[in-house]
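Take a look at the structure set out below.
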Amino acid sequence: MPDSPAPATLSPDTTAHLDDLAAFVGAAPSSYHAAEEVACRAEAAGFTRLAETDAWPDPAAGGRYVVVRDGAAIAWTVPAGATSTTPVTVIGTHTDSPGFKLKPRPTTGAHGWLQAGVEVYGGPLLNSWLDRELELAGRVAVRGEDGSVAEHLVRTGPMLRIPQLAIHLDRAVNDGLALDKQRHTQPVWGLATSGVPGADPEADVVATLAEAAGVAPDAVDGFDVVVADTQPPRRFGARGALFASGRLDNLLSTHAALAALLSSADDAGQDAPARIRMVAAFDHEELGSESRSGAAGPFLADVLDRVYAGLGATAEDRHRAIAASWCVSSDVGHAVHPNYPERHDPANHPVAGGGPILKLNANQRYASDATGSALWQAACRTAGVPSQAFVSNNAVPCGSTIGPITATRLGIRTVDVGAAILSMHSARELCAAVDPWYLSRAMRAALDVTTV
C-alpha cells in the first residue's frame, strides 16, 4: 500500500491491520479468490483444510479447520474439552461485491472496438465504474480427458474499460447522467479493425481467460467471472486518516473476522470461555443469498451438523448448544454523508472513525435485538473500542444483511454490526483508516462473550 503520513491516532497495530486489509483485497478480485484467500491464510496459521466429499475427523482439542464451497468459506476452532453441548460463536460476512459478471458468448464489438458482454451483478453505482481500468476475475471449469471437471482461479490484470460519452456529445450530462444497463455498460478491451496496428480481429475473451488459467480454450466448459477494479487500496487525506478501496463491501468485514479468528486461535489454551469459534464468509449476499454458497443455503447448517456429529451430539444436544450460541453478522453500513445529511436519521449519526456500528431496524431488516445489542456492547467495552448505533431514516428504505437469514435458518441469536463507510456499492468505497481495526478488535472480543 503506498505510504502516507501516519495520523497520530493510528497505532502500529492499526496500520499493520490496514496494510493487511489492502493485501487481502488485492488478492481477492472475486468471491472465489476471497474464499481461497481465507482458506490459504487459515492453512498458514495451522488450520486443516477439509473437503466436503471426505469423512471429517472427530474434532480434536484445539483443532483448527477450514472448508471452501465455491465462493464461500467457513473456518473454525474447537476448544480443549469441547463437548456435545459446547456453544458456538459465529461471525458471518460475505465475499461478493456489486458490479458486473461476464455473459455467455462474451466476445462482442462494434465500430472497430473489441467489447466484452457483461450483465449487472447486484446493485452497483453504475457511474462509478466508468473510465477505470478493470480486470476479469473468477473461475473457469475445465474438462479433463477422463471427463472430470477441474476448477481454475483466473484473473487477467488490467484489460477493460467502460468509456463515458464525452460532454461534447451529451451537453446535459452534468444535469443528470442516465445509463442504460445494456447499451452503456459494455466495456472495451481492444481494437478489432483489420490492418490497424495492435488490432486483433481473432481476439476472444474465453481464450484470454484460458490463457490466464494455463489451459486450452476448447477445454473451458464454463466460467463464473466478474469485473473488478484494478486500482489498489490506498490511505490518503489529512494525516492519512482515510482509506479507499474497491470491494470494502464486504471484504472489510471478512478480513476483520478472519484476523479475529486467527488471533483467537493463538490463545485457545488460555482462560477463555469454552466456545467453538467460527467465521462464515458467504457468497451471493448482493443477490439475496439464495444459493448453495449463500447464507440462505445449507452451507453453515451442514458444517455445524458435521462438527456436532463429531462431538457426539444428539439432536437434543445440538438444540441446547445453539440456544447458548450467537452470531455476529457483519456488513458495512452508512456513515452520515456530509453532503446529504437529510438522508440519515436525525438523531443517530454514525461517523467515520467513531467505531463499529450496531444496526437496528424495527422491521427486522437487521436481526439485532436488545440482548444481542447488549452482548455486542459488552464486546466493544472489552475491546476498548467505541461503538455507535445505526438506524435508517423512516423515509429511506432500509437494506438488509445475512443476519435475519442466519437467524431464521438456525434459530441462533444474531446481532447485525459493521463499519461505517461512504460510497457504498461504488467501484471504490471509503472509510476511516481506524475503523477496520476497531471492528476486528470488537470481533475478537465477541468470540469470547458468554451468552447465557
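The values are calculated or read from the model by the stated rules, or taken from the named source; none is laboratory data. Note that the structure is predicted; figures quoted are calculated from it, not measured. Virtual Cβ from ideal backbone geometry, glycine too; neighbours counted across all protein chains shown. For accessibility, only protein heavy atoms count, side chains too; no ligands or nucleic acids. Shrake-Rupley method; radii C 1.70, N 1.55, O 1.52, S 1.80 Å.
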Cleavage-rule hits, GluC sites (Glu not before Pro), segment 117-226, DSSP coil, Cβ neighbours within 10 Å at most 13: Glu133, Glu145, Glu202
Label of the coordinate-derived value, semi-axes √(5λ) of the Cα gyration tensor in Å, listed as (1) 38, 28, 19; (2) 33, 30, 21; (3) 42, 26, 19: (1)
With DNA, RNA and ligands ignored, accessible area of Ile322 (1.4 Å probe; Å², nearest 10): 10 Å²
Roughly how many percent of the accessible protein surface of the chain is carbon and sulfur, given a 1.4 Å probe and a whole-percent answer? 51 percent
Other residues with Cβ under 14 Å from the Cβ of His337 give, with Lys and Arg +1 and Asp and Glu -1, a net charge of -2
Reduced Cα scattering model of segment 360-426, Debye log10 I(q)/I(0), q = 0.24, 0.25, 0.27, 0.29 Å⁻¹: -1.17, -1.21, -1.28, -1.33
How much length is gained on full extension from Leu169 to Asp146, taking 0.36 nm per residue of separation minus their Cα-Cα distance? 2.8 nm
Ellipticity estimate at 222 nm from DSSP helix runs (n ≥ 4, -39,500 (n - 2.57)) divided over the chain, nearest 500: -7500 deg cm²/dmol
Determine the order of Glu429, Glu290 by accessible area, beginning with the largest, at a probe radius of 1.4 Å. Glu290, Glu429
When Rg is the radius of gyration of the Cα atoms in segment 225-265 and Rh is its Kirkwood radius, what does Rg/Rh come to? 1.09
Under the definition of Cα pairs under 8 Å and six or more residues apart, what whole-number percent is the relative contact order of segment 310-422? 44 percent
In sequence order, calculated HN-Hα J values of segment 100-108 (Karplus, 6.51, -1.76, 1.60; Hz; x Gly/Pro): 9, 10, 5, 7, x, 6, x, 7, 10
Can you give me the long-range amide H partners of Gln164? Hydrogens built in the peptide plane at 1.01 Å from N, cutoff under 5 Å, separation of 5 or more residues or another chain. Asp131
Relative contact order in percent for the chain (Cα pairs under 8 Å, 6+ apart) equals 22 percent
If one takes the longest principal axis of the Cα atoms in the chain, at what angle in degrees, from 0 to 90 and to the nearest 10, does the Cα axis of helix 12-26 lie? 50 degrees
By the scheme Lys and Arg +1, Asp and Glu -1, what is the net charge of all other residues having a beta-carbon under 13 Å from that of Ile167? -2
How high is the relative contact order of segment 213-295? Use alpha-carbon pairs under 8 Å, at least six apart in sequence, and give a whole percent. 14 percent
Pop out the ³J(HN,Hα) list for segment 79-94 in order, Karplus 6.51 cos²θ - 1.76 cosθ + 1.60 with θ = phi - 60°, rounded to Hz; leave Gly and Pro as x. x, 4, x, 4, 10, 5, 10, 5, x, 10, 10, 10, 9, x, 9, 9
Set the Förster radius R0 to 45 Å, insert the Cβ-Cβ distance between Thr53 and Asn393 as r into 1/(1 + (r/R0)^6), and round the FRET efficiency to 0.05. 0.40
Kindly give Rg over Rh for segment 63-173, based on alpha-carbon atoms, with the Kirkwood expression for the hydrodynamic radius. 1.15
Under 22 Å from the Cα of Lys181 - lysines, other chains or at least 8 residues apart: Lys101, Lys103
Could you sort 402-413, 25-36, 159-170 so that the peptide with the highest average Cβ count within 10 Å comes first and the rest follow in order? 25-36, 402-413, 159-170
Considering only protein heavy atoms, what per residue accessible area in square angstrom results for the chain with a 1.4 angstrom probe? 43 Å²
Here the net charge surrounding Thr85, from other residues whose Cβ is less than 12 Å away from its Cβ (Lys, Arg +1; Asp, Glu -1), is +1
Taking H as built 1.01 Å from N, whose amide H comes closer than 5 Å to the amide H of Leu191, not counting residues under 5 places away? Leu114, Asp200
Find how many whole Å separate the alpha carbon centroid of segment 138-164 from the alpha carbon centroid of segment 302-322. 38 Å
FRET efficiency (Ala362, Thr408; Cβ distance; R0 22 Å; to 0.05) is 0.80
